[in-house]
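Have a look at the structure below, then the notes.
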Amino acid sequence: MDKRVLDFLCVYFDRYEDARQLWLASGGRPGLLLETNNARTRWTDALQKIDGGALHYQKFLSEALSTYPGNRVLLQALEGSLTSEQRQALTRLQQTILADGPDGPELVFQEIQQLPTTEAQAAVVTTAAHRAEMENPQASNSFWSKVKDTVATDGVKTLIEAAVNAGVKALKGEV
């Protein structure tokens, strides 16, 4: 269990109703979330259940990031949860984003669609967006604006679209 994620959840999702919304949006069953006013007890129990497979950790982090885009604790946890296959895809996406070529958005989607789950896709997209922003904000902003336009026209999966939108919001400082 990541103590920084636990601390973050206890502060920013401290109310039971906020915690429940995040839990349900992440695919958690309602009866599994401990109903208590003590946020630390609730989130410690919830994170243990996530570790036990109650829901997908990357989806959980992606959902939390949709509420708090650009949050460093959540982004670091998300990046730390990537598999080696996802890390390789992330490296390729990073290179494509920073190159900012005309075929970039299409190459990104080809790479993303090879990942096995929408959770993996969203995790890699979100991490890539924020990494690129740290290395070259101007190129990153331009690239993700193009990607967002491509998403709108190609009808890419909802979770990827949400991740891209969160990335664009964070890049524009709309946290």
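At a glance:
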quantity	calculated
Per-residue Cβ neighbour rank within 10 angstrom, fewest leading, VAL124, VAL5, VAL73	VAL73, VAL5, VAL124
Cα-based radius of gyration of the stretch 1-55 once divided by 2.2 N^0.38 Å, which approximates compact folds	0.98
Full-stretch length increase - ARG4, GLN76 - with 0.36 nm per residue and alpha-carbon distance subtracted	24.9 nm
Additional length obtainable on full extension of the chain from THR83 to ALA25, 0.36 nm per residue less Cα span	18.6 nm
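Read-outs: derived from the displayed coordinates by stated rules, not from any lab. Since the model is a prediction, treat every value here as computed from it, not as a measurement. Counting neighbours? That spans all protein chains shown, and the Cβs are built from the backbone with ideal geometry, glycine included.
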